[in-house]
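Data block below; observations after.
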Amino acid sequence: MKRLCTLLFLASFPAFLAAQTPTVEYKLSMSRPWTHLFEVEVMFDRLPSAEKSLDLVLPVWRTGRYTVFDFAGGVVRFSAADGRGNLLPVTKMDKTSWRIATGGSASVTARYEVYADEFNLRTRGLNDEHGFVDGTAVFMYSPAYRQRPLTLTVVPYEGWHVTTGLDSVAGKRFVFTAPGYDHLADCPLEIGTQRDHSFLVAGTPHVLSISGPTNCIPDSLVALASRIVRMNADYWGSLPYKRYVFILHAMADPGGATEHVNSTVLDISSSRLRTPDPCQNLIGMFSHEFFHTWNVKQFRPKGMDPYDWTKENYYRELWLVEGGTSYLHGLLLARNGYTSPKGYIDGIHWQIEGDRQRPGNKEESIAECSFDAWVKYSRYLPQSYNFGAELYGRGAQVSMLLDLTIRGESENKASLDDLMRALSKRFPAGSGGYTLDDVEKIAVELGGDRLHAFFSRHVHGTVPLDWETVLAYAGLTVSPVEGSERTWLGVTTADQGEKTIVRQVVAGSPAYDAGVNNGDEILALNGYRVRTADLVSRVPEMKPGEKVTLSLFRDDELRTFEISLRKQEVPSYKVTKVEKPTALQKKIMESWLKVDWQQL
Ligand SMILES: [Zn+2]
């Protein structure tokens, strides 16, 4: 008898548990897409009766963009009801949180609409042609049930369909599941008449989805995507997903691209897709975004693992996320024949010049630059060039030198590739993330104690990058091009209609020292009207020491500056291979670029 009771209890236990386990369901509709309003329902069932209130929160930022958007600004007509349809009291708790007084009701449905007209921010957009949803910008979550598995039912506008990385529910069209809110938030949805092209890589299904006007040949884009996937699968050893979606938006005003856990959103100018070979325009973007499938999705900094959706997430490792990806996605393209190895080496001089010309690289370390991305990177700040490092560019430069330093110090036994794979193995997403100390520790394991100095000088510090010493590890010589120091004024301008506006004045330049400001409207040089093209062509032809008169408007007042031109301090450089490499230099070069030394 006792045994029978036990069996009965065990048999009923899962049902008992299920009855007590709250469920979370989302419904997304768009009955009038031309109004830009998404209609959202979030339904909770089986809530414990002891719970008298339920909080709902809309994130303030989305993954892949380090800025606070305050998505709640687009929420209208918020209401909540119990299982019988009775309206429940709602109190706004802060800018992005709503508290529903549930009174212990087991069923609660929150309804609201979201104004969506920001396609080029890749947050949310809806019009009479299609809809796009980054979950953070549209779906609220309950902090108490953020980890609960959920379903999403999409009701597309008539004739539209849904493309997303979310898993579908078998037999139900447009019904999807996610193991928790964070996955929903990281699986954007394209809803419209997009053309979906399916293909397999290593037996894994992929979809390339194109929306917007374009006459490009989908086959060539599919071939490009396949090659990029294969290239990364070879690099990392396997593909970390069951299915992957490339969402391509051809649009007039593209804003860039964003990586997600098993998808990416690529905004492309429609006109670029009409060129004879659109792939050439897209290869860098595809390569960069896809590399992020690992670097920031499979492993990420501690400050974003887990994500805090309510405020800025701080990390000093963002240079490795963005700059590391920029460097390695380019390196993979060179290793796989998309860039010629010689062209890759020749192009390094741009990096050296860009690094040495930017005054901000002496002012802000790449770790500080990472930490401050929230207040600096995603907005135009006229002082950035003079006072700050550039996250992607400087991050890529530091990553390249870190790679070659590890290779040199380890006698080519290890590299940044090993560091990346170690991060992936030791800090899988969801485990709490890695810190800069972890990165340094692995670098030292791979390249020895001297790597400590690299981190203190070039990651935490602003000691200038020693390109000459580090490139020599790979048998490369850096030499200044004789006579390349050009006469300069130190301003960058942009033509805006009839006006020539100063966009940047380089610290330490003749214009800076004379008092020229950002926003000044330049009228004439030595009494003659100049536009941007004139300044670019005429100033370098003048002699250092020559005095010029620059006339400009500032706040509608005519101002005249006497400026003594000087030589730009940073010359042009050329990077060439040494005549007689050591065996180690040769080995490093050949494993770095996967090229035969003789072919360079
Ligand atoms: Zn990126």
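Just so you know, all these numbers are worked out from the coordinates, no wet-lab data involved. Note that the coordinates shown come from a computational prediction; the quantities given were computed from them, not determined experimentally. Here Cβ is always computed from backbone atoms with ideal geometry, including for glycine, and neighbour counts include all displayed protein chains.
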Quick calc, the chain, dipole around Cα centre from Cβ unit charges on Lys, Arg (+) and Asp, Glu (-), nearest 20 debye, gives 1340
Taking Cα atoms, the helix 416-426 axis meets the longest principal axis of the chain at an angle in degrees (rounded to 10) of 20
Per residue, the convex hull enclosing the Cα atoms of the stretch 61-126 spans a volume in Å³ of 108
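Rounded, prolate or oblate: pick one for the stretch 518-568, where a ≥ b ≥ c are the square roots of the eigenvalues of its C-alpha gyration tensor, a/c under 1.5 means rounded, and failing that, prolate if a/b is larger than b/c, else oblate. List each step's numbers first, then the result.
Values: a/c = 2.08, a/b = 1.60, b/c = 1.30.
Judged from the Cα gyration tensor, the stretch 518-568 comes out prolate (a/c at least 1.5, a/b above b/c).
What length, rounded to one decimal in nm, is gained on full extension from THR576 through to GLN147, with 0.36 nm per residue of separation minus their alpha-carbon distance? Don't skip to the answer; put the middle values down first.
Numbers: separation 429, 0.36 × 429 = 154.44 nm, distance 5.42 nm.
Difference between extended and current length: 149.0 nm.
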Expected unfolding gain across THR435-ARG531 under the 0.36 nm per residue rule, minus the alpha-carbon gap, is 29.8 nm
Taking the chain and counting helices only, DSSP H stretches of n ≥ 4 at -39,500 (n - 2.57) each over all residues, the nearest-500 ellipticity at 222 nm comes to -8500 deg cm²/dmol
Out of PHE174, THR264, GLY483 - ranked by how far each Cα lies towards the positive end of the dipole of the chain, with unit charges on the beta-carbon of charged residues - the top one is PHE174
Counting sequence-distant residues (5 or more places) and residues on other chains, those with an amide H built under 5 Å from that of HIS197 are LEU208, SER209, ILE210
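State whether the stretch 284-375 is rounded, prolate or oblate according to the following rule on the C-alpha gyration tensor (a ≥ b ≥ c being the square roots of its eigenvalues): a/c under 1.5 gives rounded; otherwise a/b larger than b/c gives prolate, and the remaining case gives oblate.
Values: a/c = 3.47, a/b = 1.35, b/c = 2.58.
The shape class here is oblate.
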Counting only DSSP beta bridges with both partners in the stretch 204-272, the antiparallel fraction in percent, to the nearest 5, comes to 20
Here, ALA494 and VAL76, labelled 7 Å along Cα→Cβ, have an inter-label distance in nm of 3.1
Checking the stretch 344-448 for chymotrypsin sites (Phe, Trp or Tyr not before Pro) in a loop per DSSP with at most 13 other beta-carbon atoms within 10 Å yields TYR380
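Just to verify a number: FRET efficiency for THR204 and GLU569, C-beta to C-beta distance, R0 = 51 Å, to 0.05? Write out the running numbers ahead of the final one.
Numbers: r = 52 Å, r/R0 = 1.01.
Between THR204 and GLU569 the formula returns 0.50.
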Rounded to one decimal in nm, the spacing of the 7 Å Cα→Cβ label points at LYS242 and HIS452 is 4.7
Sites removed, the longest contiguous part of the chain containing no DSSP-loop trypsin sites (Lys or Arg not before Pro) with at most 14 other Cβ within 10 Å is 414-530
A student asked for the Cα radius of gyration and Dmax of the stretch 22-136 in angstrom ought to give 15.0, 46
By the C-alpha gyration tensor axes a ≥ b ≥ c (rounded if a/c is under 1.5, else prolate when a/b exceeds b/c, else oblate), the shape of the stretch 372-506 is oblate
Longest principal axis of the chain (C-alpha) makes with the long axis of helix 436-447 (C-alpha) an angle, in degrees to the nearest 10, of 60
The Cα extents of the stretch 530-600 along the principal axes, largest first and rounded to whole Å, are 64, 25, 17
Residues of the stretch 23-54 with backbone N under 17 Å of the label point set 7 Å from the Cα of TYR115 along Cα→Cβ are 32-40
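Translational diffusion coefficient of the stretch 464-600 at 20 °C, 1.002 mPa s, Stokes-Einstein with Kirkwood Rh over Cα pairs, in µm²/s as a whole number. Could you put the intermediate results ahead of the total?
On the way: Rh = 17.7 Å.
Using the Kirkwood radius from Cα pairs, D works out to 121 µm²/s.
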Toy charge model, Lys and Arg Cβ at +1, Asp and Glu Cβ at -1: the stretch 178-335 dipole around Cα centroid in debye, rounded to 20, equals 340
Listed by chain and number, the lysines with an alpha carbon less than 21 angstrom from that of LYS547, same-chain partners under 8 positions apart left out, are LYS567
Residues meeting the amide H criterion for GLU118 (H placed from the backbone, H to H distance under 5 Å, 5 or more places apart or on another chain) are ARG124, GLY125, LEU126
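Report the full-extension gain for the segment ASP234 to ASP277: residue separation times 0.36 nm, less the Cα-Cα distance, to one decimal in nm.
Working: separation 43, 0.36 × 43 = 15.48 nm, distance 2.57 nm.
Extra length from ASP234 to ASP277 when fully extended: 12.9 nm.
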Under 20 Å by backbone N from the virtual spin label 7 Å along Cα-to-Cβ at ASP55, the residues of the stretch 119-139 are 136-139
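Assuming R0 = 30 Å, can you tell me the calculated FRET efficiency for the pair LYS92 and LYS311, based on Cβ-Cβ distance, to the nearest 0.05?
Values: r = 17 Å, r/R0 = 0.57.
Plugging the Cβ-Cβ distance into 1/(1 + (r/R0)^6) gives 0.95.
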Per-residue Cβ contact counts at 10 Å, fewest first, order CYS369, CYS279 as CYS279, CYS369
Against the 2.2 N^0.38 Å rule of thumb, the C-alpha Rg of the stretch 150-233 sits at a ratio of 1.21
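Rounded to two decimals, what is the ratio between the C-alpha radius of gyration of the chain and 2.2 N^0.38 Å? Display every interim value, and only then the final one.
On the way: Rg = 27.9 Å, N = 600, 2.2 N^0.38 = 25.0 Å.
Cα Rg divided by the expected 2.2 N^0.38 Å: 1.11.
Relative to 2.2 N^0.38 Å, what does the C-alpha radius of gyration of the stretch 305-462 come to as a ratio? Two decimals please. Walk me through the intermediate numbers first.
On the way: Rg = 15.9 Å, N = 158, 2.2 N^0.38 = 15.1 Å.
Expressed relative to 2.2 N^0.38 Å, the Cα Rg reads 1.05.
Give me the percent of DSSP beta bridges within the chain that run antiparallel, rounded to the nearest 5. Intermediate results must be reported in sequence, preceding the final value.
Numbers: 90 of 111 bridges.
In the chain, DSSP labels about 80 percent of beta bridges as antiparallel.
Which GluC sites (Glu not before Pro) in the stretch 491-585 sit in a loop by DSSP (not H, G, I, E or B) and have at most 10 other Cβ atoms within 10 Å of their own Cβ?
Working: sites: GLU498, GLU521, GLU541, GLU546, GLU557, GLU562, GLU569, GLU579; in loops: GLU498, GLU546, GLU569, GLU579.
Of the GluC sites (Glu not before Pro), the ones in loops of the stretch 491-585 whose Cβ has at most 10 other Cβ atoms within 10 Å are GLU498, GLU579.
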In terms of the charge dipole of the stretch 419-524, which places +1 on Lys and Arg and -1 on Asp and Glu at the beta carbon, the residue among GLN504, THR493, ALA472 farthest towards the positive end is ALA472
